Amino acid sequence: MVGRWRFYPPTTTPNRLDIVWCRFPESELLDPGPKARPGLIRRVVRHPVSSHVGVEIAYGTSNLKLDRALAHQLIIAHPFDLVEAGLRYPTRFDLTLTKLLPWSEEFFVPLRGGADPVIGRLSAINRMDLAELAKTLPARK
């Protein structure tokens with residue numbers, strides 16, 4: 001399966017809590033989705049032999065669904081937080097909708113002519129919000 005992906009060099013590995021531009025899969029299959037959208041890096045893993053990188057990413061969308069009380073959602077809406085995250089619009093990250101994806105060109109794309117898929121990072125306030133939300137998240141499988 002390693003030959004299927006064009007992995008980015010390990011030197012480009014994102015950090016936990018970075019915001020990236022991602023073609024998040026729309027099914028259970030490990031296939032890039034048709035539309036790039038923001039994603040929140042939850043963790044980074046490195047294969048011990050190949051040194052290829054995988055990232056667990058939380059799904060992001062500008063569909064905030066403010067009319068619903070949704071558990072485990074991190075919403076970035078303050079203008080200063082949006083700038084630090086590299087986002088143009090208020091964005092909701094679903095912390096229970098995550099995938100472990102290869103850090104590869106097929107899944108992660110530069111935004112607006114950028115140099116790499118990393119567009120920003122969670123602000124200090126958003127990191128505190130995430131830490132509180134993480135206390136209530138179901139255990140990872």
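Per-structure values
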quantity: Total residues in segment 85-119, condition free of Cβ contacts under 8 Å to residues at least 60 places away in the same chain, crowded, with 19+ Cβ neighbours inside 10 Å and among the aromatic types (Phe, Trp, Tyr); calculated: 1
quantity: Number of positions in segment 1-48 that are in contact with a Pro (Cβ under 7 Å, 6 or more places away or on another chain), charged (D, E, K, R) and modelled with pLDDT of 95 or more; calculated: 1
quantity: Qualifying position, being among the basic types (Lys, Arg) and either closer than 20 Å to Glu132 by Cβ or not in a loop (DSSP other than H, G, I, E, B) (or both), among Lys35, Lys65; calculated: Lys65
quantity: Residues satisfying the stated conditions in segment 123-141, i.e. under 17 Å from Thr98 (Cα atoms) and either without any contact (Cβ under 8 Å) to a residue 40 or more places away in the chain or in a loop (DSSP other than H, G, I, E, B) (or both); calculated: Ala131, Ala134, Lys135, Thr136, Leu137, Pro138, Ala139, Arg140, Lys141
quantity: Matching residues, segment 44-62, being in contact with a strand residue (DSSP E or B) (Cβ under 6 Å, 6 or more places away or on another chain), part of a loop (DSSP other than H, G, I, E, B) and either within 23 Å of Lys135 (Cβ to Cβ) or of a type outside the set (Ser, Thr, Tyr) (or both); calculated: His52
quantity: Leu87 vs. criteria in contact with a Pro (Cβ under 7 Å, 6 or more places away or on another chain), at pLDDT 95 or above and either assigned to a loop (DSSP other than H, G, I, E, B) or among the acidic types (Asp, Glu) (or both); calculated: yes
quantity: Of all residues in segment 95-115 being over 19 Å from Val45 (Cα atoms) and more than 14 Å from the chain's Cα centre (by Cα), the one that is modelled with the highest pLDDT; calculated: Ala115
quantity: Evaluation of Ser51 against (1) in contact with a Lys or Arg (Cβ under 8 Å, 6 or more places away or on another chain); (2) closer than 27 Å to Asp31 by Cα (one fails), failing number; calculated: (1)
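The values are calculated or read from the model by the stated rules, or taken from the named source; none is laboratory data. Small disclaimer: the values here were computed from a predicted structure and weren't measured. With ideal geometry, Cβ positions are generated from the backbone for all residues, glycine too; neighbour counts draw on all protein chains shown.
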